[in-house]
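K.L.:
To start, I am sharing the structure in question, which I have written as structure tokens.
Just so you know, all these numbers are worked out from the coordinates, no wet-lab data involved. Just so it is clear, the model here is predicted, and its values are computed rather than measured. Virtual Cβ from ideal backbone geometry, glycine too; neighbours counted across all protein chains shown.
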Amino acid sequence: MHIHSYTESEFEGKEPDQDYYGNKGSKNAESHRLETFAAFEKFNIVKAMVSGNPESVENWVTKDSNQRIIRGILMYTPDDYDMDSVKFEQMVKDNKIEVFGETAPYYGGTTLSDSIWQPYLQICEKYDIPVAVHMGGEILVEHILGHQKQD
């Protein structure tokens with residue numbers, strides 16, 4: 001199971017997102033967390049990798065009495081959250097990052113094969129940290145769906 005965590009600032013001034021059926025999402029970060037934890041119970045989810053900014057992930061871990069949360073980190077670019085490879089490695093050593101992901105270099109205009117990501121990937125290899133990659137967005141999906149319609 002992979003889910004996202006948020007801080008309150010990520011909800012400020014925004015209307016809740018809607019799903020395909022028009023159902024509105026959570027109004028704030030805390031209701032999102034509570035609704036997600038309730039779904040864990042309802043559907044017997046025993047482990048979930050949570051990606052978000054480091055503050056939001058730690059908030060979820062602190063409030064996780066059932067030890068379900070596997071710590072991830074959401075990164076679009078290698079310098080998100082003022083990150084560098086030294087800080088990243090320390091977070092790995094401190095068990096603040098258990099999965100390098102969700103990474104989404106596509107949205108930052110790069111790929112994981114670009115040299116700017118290599119120090120992070122080398123750290124992951126050194127400490128046996130899994131890497132979770134978001135492969136693309138709407139443009140990629142539209143291309144794939146459009147291609148399938150032509151076949």
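K.L.:
Per residue, how much space in cubic angstrom lies within the convex hull of the C-alpha atoms of region 82-128? List each step's numbers first, then the result.
P.N.:
On the way: hull volume 3.7 nm³, N = 47.
That works out to 79 Å³ per residue.
K.L.:
In nm, give the distance between the simple-model label positions of Gln18 and Asn66, each being 7 Å from the Cα along the Cα-to-Cβ direction.
P.N.:
About 3.1 nm separates the two model spin labels.
K.L.:
Residue by residue through region 4-9, what is 3J(HN,Hα) from phi via Karplus (6.51 cos²θ - 1.76 cosθ + 1.60, θ = phi - 60°)? Round to whole Hz and write x for glycine and proline.
P.N.:
Ordered by residue, 3J(HN,Hα) equals 10, 10, 9, 9, 4, 4 Hz.
K.L.:
Between beta-carbons, use under 10 Å as the cut-off and find the net charge around Gly108, counting Lys and Arg +1, Asp and Glu -1. Could you put the intermediate results ahead of the total?
P.N.:
Working: positive: none; negative: Asp79, Asp80, Asp114.
Within the 10 Å Cβ shell, the charges total -3.
K.L.:
Run the simple label-point estimate for Lys42 and Thr7 please: 7 Å along Cα→C-beta, distance reported in nm.
P.N.:
Between Lys42 and Thr7, the simple spin-label model gives 2.9 nm.
K.L.:
Sort Thr103, Thr77, Thr62 so the one with the fewest other Cβ atoms within 10 Å of its own Cβ comes first.
P.N.:
In increasing order of surrounding Cβ atoms, one gets Thr62, Thr77, Thr103.
K.L.:
Identify all lysines with a Cα-Cα distance to Lys126 below 19 Å; exclude those on the same chain that are fewer than 8 residues away in sequence.
P.N.:
Lys87, Lys93, Lys96
K.L.:
Also: For Lys14, what charge total do you get from the other residues with a beta carbon under 14 Å from its beta carbon, if Lys and Arg give +1 and Asp and Glu give -1?
P.N.:
Working: positive: Lys24, Lys27; negative: Glu8, Glu10, Glu12, Glu15, Asp17.
Residues close to Lys14 contribute a combined charge of -3.
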